[in-house]
Amino acid sequence: MSRWLENETKLTSIFAGISAVSLILSITGVLKNFLPVDIAWIAIILCGAPILVGAVRGVIFEHDIKADVLVAMALVASVVTGEFFAAGEVALIMQIGSLLEDYTSGKAREGIEKLIRLTPQKAHLVKDGEEKEIAAEDVRVGDMIRVLAGETIPVDGIITEGETTIDQSVMTGESIPVDKRVGDMVSSGTVNQFGTFVMKAGKESGDSALQRMVRLTQEAEENKAPIVSLADKWATWLVVVAFACAVGTWIFTGEFMRAVTVLVVFCPCAFILATPTAVLAGIGNAAKYGMIIRSGDALERLSKIKRIAFDKTGTLTYGKPHVTAVVSLDDQYGKDEILRIAASAEKLSEHPLGKAIVADYEGELYEAADFKVIAGRGISAIVQGKNVLAGKADFMQAEGVDVQAADKQTEKCFNDGATVIYVAFDGMLKGFVALADTIREDSAETIRKLTGYGITPMLLTGDNKQAAGTIAGKVGIKDVRSDLLPEEKMGIIKGYAGGEEPICMIGDGVNDALALTTADAGIAMGGIGSDIAIESADAVLVSDDIKRVPYLLSLTRKTMQKVKTNIIMSMIINVTAVILSAAGILTPVTGALWHNFGSVLVVVNAALLL
């Protein structure tokens, strides 16, 4: 409803409080003999005038008949008949309904406000051996930042010095702090609990994960579902129907007061509140668990999904290589020794596979000397007096190392979609390390739950058929499409979009953006996802927690069911009130109470989603 000042909830609350006192004095008649007019006029002016202004503005300037018009009609009719208390009560309770809506909306906004409060203001810049405090917004990519114990990390980046424990609950929802060391990523908004470390800024403050989450959440709140607009259109027709019912009641009963009561109870406040309160509550609930739904429209489309297409890398898998197998081809060296020597040789490597080998060896490494990189092929180093080579088959062959002896062992690794790094000592092949993108622990359980909800999963990936088939088999997906270009993914999605099986795409990379946009609904992995994928999606999993997908879809279905329930309840209450009013059972005063009981009921019902 309209107010004296938009978004001034506190002022509205004050007016409502003053109006409530005036109505109590009016009905008790305490000041009746001391005032020239009924004190209920205070409520009519403070709470009713904004409604009248909103109605007139809507008709004249917006050329639209909204709920304000019907309420204004009821107010005017009550005043004309001398029912000042009824007029004031209608105005007051309508404003109370607005305050309840603001409260529900406020609960949904709490996540945004919390994130904004957590936004770091300062950062310790380390430059030329000196440290100085600067504003977090002044941090630039590549700057070295020192983070002290207890401080909030100012920007996204990588630890270059020190070890610590990070509280990531604001971003991931995880209550257990996570240990971090050199090379690990840290996110803006998370809290450094122990120790001091130095990090290299990977993004500026405005592009950080925290700020991106704030923007997405704000955007989610500002949008409304089409079903909300539909409710507004129905409200327009309700004005016509209400006026017709009021006139009909007056003609058939001959009692103008009954007609006034019909107008009072026909005010569609509960009907108008039914959808936005439920949608906002659903979005607020999702935000608490690290899921950002971008709009009410997106929420509605997610609730209708019957098929989900998954990208493989970074979605069903972690998107990072890990050691999956170590094989020794020389009885003199065990698997652990092969991995130790390979990791020792690779510890200065900047290649992702080399880093993965180092990261996956948990013991103490040997010293390495004379480290050399052969770009895109392999490395060499002196470890324990041995000339160690590590790389792919073509690199080994160029260095005169025969790798055919390992063909039988490597065949299975290749079939599983793994990459093989051969390890040779002094020109002789001694073993190999297989690396692959590992499946997320919750992927199989997620697919099982989605299937249980009647949703059909499918895999769309640019990887080869063998790798795609292996992953799909392990997680339980039967419909697999491999070797796809981005345009081909989009084509497959387009074949389902808008059909009998509304489809949702879940992905994380730039190559998923087209499919995410084309699908009936798109879900992006927010933690590791590319910016373009996130901007193309309707919902974002902030913590990359794929097991939340079934909950997300279940929540959207419950939210839309709540919308339907609210609309049905509000209609039943209104129709019942009209019948009782036409029969003369309800008066303008009791009618206002009955009608606004429905408003409170739908708001409370929606708030249960929080």
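One residue is enough: does the range 519-527 have a residue meeting the conditions surrounded by 17 or more Cβ atoms within 10 Å (Cβ to Cβ), more than 23 Å from residue 482 (Cα to Cα), modelled with pLDDT under 80 and not assigned by TED's automatic domain parsing to the domain that holds residue 447? Lay out the reasoning, then the answer.
Step one: list which residues in the range 519-527 are surrounded by 17 or more Cβ atoms within 10 Å (Cβ to Cβ), which gives 519-527.
Keeping just the survivors that are more than 23 Å from residue 482 (Cα to Cα) gives 526-527.
Of the ones still in play, those that are also modelled with pLDDT under 80 are 526-527.
Subset that is not assigned by TED's automatic domain parsing to the domain that holds residue 447: none.
Checked against the condition, which is being surrounded by 17 or more Cβ atoms within 10 Å (Cβ to Cβ), more than 23 Å from residue 482 (Cα to Cα), modelled with pLDDT under 80 and not assigned by TED's automatic domain parsing to the domain that holds residue 447, the range 519-527 yields no hits at all.
So, in the range 551-607, how many residues would count as being among the charged types (D, E, K, R) and free of Cβ contacts under 8 Å to residues at least 40 places away in the same chain? So that I can check it myself, show each step before the final result.
Initial filter on the range 551-607 (among the charged types (D, E, K, R)): 557-558, 562, 564.
Filter once more, so that each one left must be free of Cβ contacts under 8 Å to residues at least 40 places away in the same chain: 564.
Of the residues in the range 551-607, 1 are among the charged types (D, E, K, R) and free of Cβ contacts under 8 Å to residues at least 40 places away in the same chain.
Look at residue 565 and say whether it is within 28 Å of the chain's Cα centre (by Cα), in a helix (DSSP H, G or I), surrounded by fewer than 17 Cβ atoms within 10 Å (Cβ to Cβ) and assigned by TED's automatic domain parsing to the domain that holds residue 242. So residue 565 fits the description; yes.
At least 1 residues that are hydroxyl-bearing (Ser, Thr, Tyr) and either over 30 Å from residue 180 (Cα atoms) or modelled with pLDDT under 90 (or both) in each: list the helices (runs of 4 or more DSSP H) lying fully within the range 323-424 that qualify.
The qualifying helices (runs of 4 or more DSSP H) are 407-415.
For the range 528-542, the candidate set comprises residues that are assigned to a loop (DSSP other than H, G, I, E, B) and buried (at least 21 other Cβ atoms within 10 Å of the Cβ); within that set, the residue that is modelled with the highest pLDDT is 538.
Within the range 492-507, can one find any residue that is at pLDDT below 85, in the same structural domain as residue 444 (by TED's automatic domain parsing) and crowded, with 22+ Cβ neighbours inside 10 Å? Talk me through it step by step, then tell me what you get.
To start, the set of residues in the range 492-507 that are at pLDDT below 85 comprises 507.
Among the residues that remain, those that are also in the same structural domain as residue 444 (by TED's automatic domain parsing) are: 507.
Within this subset, residues satisfying the condition of being crowded, with 22+ Cβ neighbours inside 10 Å are 507.
Yes, there is a match, as at least one residue in the range 492-507 is at pLDDT below 85, in the same structural domain as residue 444 (by TED's automatic domain parsing) and crowded, with 22+ Cβ neighbours inside 10 Å.
Here residue 457 fulfils each of the conditions (1) closer than 25 Å to residue 390 by Cα; (2) in a strand (DSSP E or B) apart from (1). The single residue among 498, 462 that is on the phi > 0 side of the Ramachandran plot, outside any helix (DSSP H, G or I) and within 27 Å of the chain's Cα centre (by Cα) turns out to be 498. Of everything in the range 295-319 that is among the basic types (Lys, Arg) and part of a helix (DSSP H, G or I), the residue that is nearest to residue 443 (Cα to Cα) is 312. For the range 268-284, the condition of being at positive phi and either surrounded by 23 or more Cβ atoms within 10 Å (Cβ to Cβ) or in the same structural domain as residue 77 (by TED's automatic domain parsing) (or both) holds for none of the residues.
Out of 118, 100, one residue alone is at pLDDT below 75 and closer than 24 Å to residue 275 by Cβ. It is 100. For the range 133-150, filtered to residues that are modelled with pLDDT of 90 or more and surrounded by 14 or more Cβ atoms within 10 Å (Cβ to Cβ), the residue that is nearest to residue 178 (Cα to Cα) is 147. Of the listed requirements (1) closer than 22 Å to residue 120 by Cβ; (2) modelled with pLDDT of 75 or more; (3) in a helix (DSSP H, G or I), residue 243 misses just one: (1).
The residues listed here are 444, 390; of these, the one that is buried (at least 16 other Cβ atoms within 10 Å of the Cβ) and either assigned by TED's automatic domain parsing to the domain that holds residue 492 or not charged (D, E, K, R) (or both) is 390. The C-beta contact set for the range 8-31 (first residue farther than 19 Å from residue 82 by Cβ, second residue surrounded by 14 or more Cβ atoms within 10 Å (Cβ to Cβ) and modelled with pLDDT of 80 or more, distance under 7 angstrom, 6+ apart or interchain) comprises 15/46; 15/47; 16/47; 16/92; 18/42; 18/46; 20/92. Of everything in the range 428-459 that is charged (D, E, K, R) and farther than 18 Å from residue 544 by Cα, the residue that is nearest to the chain's Cα centre (by Cα) is 448.
The values are calculated or read from the model by the stated rules, or taken from the named source; none is laboratory data. Just so it is clear, the structure is predicted and the values come from calculations on it, not from any experiment. Neighbour counts run over all protein chains shown; Cβ positions are idealised from the backbone, glycine included.
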